[in-house]
Amino acid sequence: MAVNRSIAAQFFMEEEDGMAPEKLESLSDKVVDLLNQAHLMTKDVQKIGNLKQVQELIVNRDTTLLDSFLDEMLQFQHDKSADVKKFVVGFIEEACKKDTELLSNVVVHLNMMLSDVTQNVAVVKKVILCNTQLYKVALKWICKSKTIREKMETTWDVMTEMKNKIKAMLDSENDGIRTHVIKFLDMLIVVLSSKTVDSDVPKKSEGDVSLDQIPQNHPILKYEELKSEGQSTFENLIKFMASPSITSVNLMATMGTMTTIGKQRPIFLSKVVQAFESLHVNLPPTLAKSQVNSVRKNLKMQLLSLLRHPSSVEFHPQITTLLTDLGATPQEISKNIARPAETSKRARTVDEDATASTSKKAKLSEEPAVPSTSMVAKKPTTSSPISDVDLMAEEIQPLLNVALPDTMPVHFQATYTPVESAGNNQQILHLSRMMATQFVAAGFQPTSKPASTADTAVTSSQSETAQGIQTVVGGLTRKPEEASKKKTSMTPIPMVSTQKGVRRIKLFKLSEVTKPLSEPVLKGLTIGAARRILDAEKKAIQGGVSEVRTKIIVSLVTLFGEELSNLLRDFIFEDLRNRSELAFSWVFHEYCSYQGYMPKTTDKEQSFIRYDNCLTDLLKGIKERDTREGLFSHLILEAPLLTPNALEILKEYCEDESHVYIGMSTLRDLVLKRPADELNYLIVLLDLTFHEKPDVRNQAVQFTKRLYERPKLRETIELSDKLATVYVATSALIKRTVLRVLENPVRGMGMGSPELLLLVENCPKGAETLITRMLHILTDKAPPSSELVKRVRDLYHKRVSDVRFLIPVLIGLEKIEVIAALPKLIKLNPIVVKEVFHRLLMSHQGDNSAGQSPLTPAELLIALHKIDSSKCDMKSIIKATSLCFNEKIIYTQEVLAVVMQQLMEQNPIPTLLMRTVIQSLSMYPRLIGFVMNILQRLIIRQVWKQKKVWEGFIKCCQRTKPQSFQVLLQLPSAQLKNVFEMSPDLREPLLEHVQLFTQHQRGHIPKSVMEVLETLTPEEKKASEARKIEEMKKGEIMKQQEKEAQQLTQEKIYQQKLAEERLKQQKLLQERIAKEKELKLLEEQKLKEVTPEEESMETDQLAILEEPMES
């Protein structure tokens, strides 16, 4: 028996035969311990640390253990932690590299993790990277295998399914997943293509499989299908790189992949260079400027890398031209260029041509370009079929030899960037390929005309192009002249006047040509002018004079007032949001008039009335019309003076429950920002603190509390510090009212309030309920402060020993203090006990808003088991432990395993241990192996010496049979006999279990135990005979019941037949009665039909009978 093994080491070991595991080797035993400890760990770092040790032991030290512990490692793929799942994926990769035969066992798990739509993104990335390696491993394994087995076909089918899923992820919404898919496609293209002599394979990949190693007649690996898939994947990757919506990260990853493919598989080099040319002129429009610069730098780096490859010699003209466009210097190109012996002279000629001066060596620059062009022309025939881009470039190149004007157009010269080696054949060829790429991408196809015909078309195109360019250039050069002419024609001719004409001018006087207007006419003209100014709103905005218009209109209204005020007010309310600035200007002009800053038309009192009317009318209109609240508050705060009427409107605004918060905020801002009148505003706020509406009252209290924190305002704001004294002296009804409305004021004060702390410290007698309610409010959604905990602790220990005071601050107490208070706490009302456990456990449910509990769930349950029965009755302890077991989310099987393990170490053994063991097993049946270990350890500790625990031991054995049989056999004979006395039904199944043992196994069972098993005590014999008699009686009763049931059945059948017979007889009787009635009717009819003679005879007879008789 593995008695010395730790409890955690045997946690998840389930042995169906109930026997103890055999003694393992040290290495295997260490692996078991590490795995079981990992199952119990809650921190990911510790769990992964254990799993890494397991990987080191079974992968690197002793690979023979891989088969034994592979399934145990794979179980961790269901862990909640993404880091643990990622480690499992990495373990699968390392294990398969060590032993390829394991592929058939693990690919299903990888496919499941890849197919899970709820899977973590980081795990999906790891699975893709793992497939990037395992695809090569699987391909090589199947390719090199001499015999094809069924599991190979299954494995390859799953690998193919995962490959298709990963390829489909190229359209994923996640940028990182797409980047990992690109790396996978890189591997796939390289593997599904053949190596050549020029393949530049990295050292770490020299042993990788490739298409040329796969037999063409392989039964599983179809050579042509794999080759076609590699080519189609490469084409799809090129399309992805050319996508206009590709991100910069994916684009640079694809560019690196293209370079790798081109270097390792030169057969794709032509398309790689062509793809880079297309990318250079078609960068995605979604890239930012900084991203464009990064992409161009990366493209330059990839081209320089390709330039060093020996197979890139025939593509040097395209690559060097691209590099020149990307800003590479001739020295950089020369340093990285590949120089084979047969092409060194040509490369040197190209370098000299690239660095020569175009002004002095124009002829020399054209001559070396001829071989470069011819070399490019031969490229398609030597490496791959001629592409549409090559054909289109050949058609476009002659068209670029056009005659340019002698002088550059002005606008072209302003944006022109000089290009090195401009005009030579190499640069023209590059330009033609760039244009061809654009044309082909737009859907144009090259013509298939012969060279002679094409030359004719080129000649005509050249003439047309030259004419077109001359026309465009000529038009551009004429524009400045035409502009100057137009400018000259539009210059006005100045008017010339003589000195003599000026002396004859007569001064104009308005009074000489006007007459005074009547008041009604003057008022009408004024209103009309104001209305026209108001109606010119759009024109003023278009002309940029809206501020001038605003000043004019408010000045007119301020000067003339009356009807103009109504006109302006109605105009503002028609579009309140867009004309709010006009309202503010009007208020300020009215205030300036009141203060005497403008020409006075009325006295100061009248001016104040007009200002008050203006402000109050606007506030009322905004209050009724504007639903977004901000404009009302803005006008209140911006008004230069708040009149009593305006303040009353603000108060009404605060009393409206839909505007209460913004109204209170405005009042608070007035108190803080206008110290001269802060008393007036503060009085309004304080009046609202006892408003009849609860929402208004609560908000007013909240804002008052915040203002009370300012020392300057404390003298004005009165807070009652005698609440507790008043509470004690008042009636029960008022006490309930106080407790009901207490929440908002107390929550507003906060637990840091000195007054509140002082109230807790000096709690008067009779105010305990009030103080407890306040503590609950303060700690309901926040952890208690250290000051509050200190005062409550002092109050509990020195003055009020009611344990309910400690409930609100439980999580602020020390662990020892909480454990000491538990016996009193669990004796409280069940609802209160639930509240206690909620506070102690809610931080372990993910809710840390109220602070961290001083006790872990395991420590709480252990503390309950250790409560002295003299301090608390066992019934209350059992109810408290049941509350813990109800929290299944918190008390998981791991937590319960830790609890039982620590309870086993207590001396004496806690009375409720076996109850907890049985309850844990009923919740988590997987703990059966763990429970068996506990029962074995209890035997070592002589559990029978504690009566209650011994009874629980026997009950546990009854519930866990047959697994518990092996434990029972370890009991001494006397205790086993006692077990049979307390539970006789265990003897026969245990004896049957032993009889199934081999002779050798029976030899390990003590004789005394066997005697107890085989010998029945007199009581047991009596019980056995009684059971037999009872069984016989039961058998007879069953037979009797069966007989009675048969009789009942027969009786039912007889009654049914009898009823049928009665119905039949009744039917026959009814038929017979009906026939008799018919016969009777017939006879009566016959009697009625009598002859005349018979009738006369009957008459005579009646007459005789009626005569009197003679005496």
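One table, with the values for the structure above:
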quantity: Range of Cα positions in the range 104-252 per principal axis (Å), largest first; calculated: 45, 39, 27
quantity: Gyration tensor verdict on the range 30-110 (Cα atoms; rounded if a/c is under 1.5, prolate if a/b is larger than b/c, oblate otherwise); calculated: oblate
quantity: Stretch gain in nm, segment residue 1007-residue 868, where the contour uses 0.36 nm per residue and the Cα spacing is subtracted; calculated: 45.9 nm
quantity: Accessible-area ranking of 232, 278, largest first, probe 1.4 Å; calculated: 232, 278
quantity: Among the listed pairs 136/167; 167/239; 765/790; 651/735; 945/977; 43/85, those beyond 24 Å (Cα-Cα); calculated: 651/735
quantity: Prolate/oblate/rounded label for the range 510-614 (Cα gyration tensor, a/c 1.5); calculated: oblate
quantity: With all protein chains modelled, accessible area of residue 73 [1.4 Å, Å²]; calculated: 0
quantity: Cα centroid separation - the range 147-165 against the range 740-764, whole Å; calculated: 72
quantity: Cβ-derived FRET efficiency at R0 25 Å, residue 143 paired with residue 116, nearest 0.05; calculated: 0.25
quantity: Between the range 868-911 and the range 546-567, the alpha-carbon center distance in angstrom; calculated: 84
quantity: Equivalent ellipsoid semi-axes - Cα gyration tensor, the range 864-966, angstrom; calculated: 20, 18, 12
quantity: Principal axis dimensions, largest first and in whole angstrom, of the range 769-819 by Cα; calculated: 25, 24, 18
quantity: Span per principal axis, largest first, for the Cα atoms of the range 201-321 (Å); calculated: 53, 31, 25
quantity: Gyration tensor verdict on the range 780-898 (Cα atoms; rounded if a/c is under 1.5, prolate if a/b is larger than b/c, oblate otherwise); calculated: oblate
quantity: Mean separation of Cα contacts under 8 Å, 6 or more apart, over the residue count of the range 110-225: relative contact order %; calculated: 27
quantity: Convex hull (Cα only) mean projected area of the range 915-1064, reported in nm² to one decimal; calculated: 14.9
quantity: Exposure ranking of 320, 447 by accessible area [1.4 Å probe, largest first]; calculated: 447, 320
quantity: Rg to Rh quotient for the range 700-818, alpha carbon positions, Kirkwood Rh; calculated: 0.97
quantity: Potential lengthening between residue 886 and residue 1072 on full extension [0.36 nm per residue; Cα-Cα distance subtracted]; calculated: 58.9 nm
quantity: Residue 167-residue 1086 pseudo-label distance in nm [points 7 Å out on the Cα-to-Cβ vector]; calculated: 11.0
quantity: Pairs of Cα atoms farther than 14 Å apart, the range 939-985, %; calculated: 44
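The values are calculated or read from the model by the stated rules, or taken from the named source; none is laboratory data. Computed from a prediction, not measured in an experiment: that's the story for all the values here. Don't worry about glycine lacking a Cβ; one is built from the backbone with ideal geometry, like all the others, and counts go over all protein chains shown. All accessible areas refer to the heavy atoms of the entire protein, side chains included, with ligands and DNA or RNA removed. Shrake-Rupley method; radii C 1.70, N 1.55, O 1.52, S 1.80 Å.
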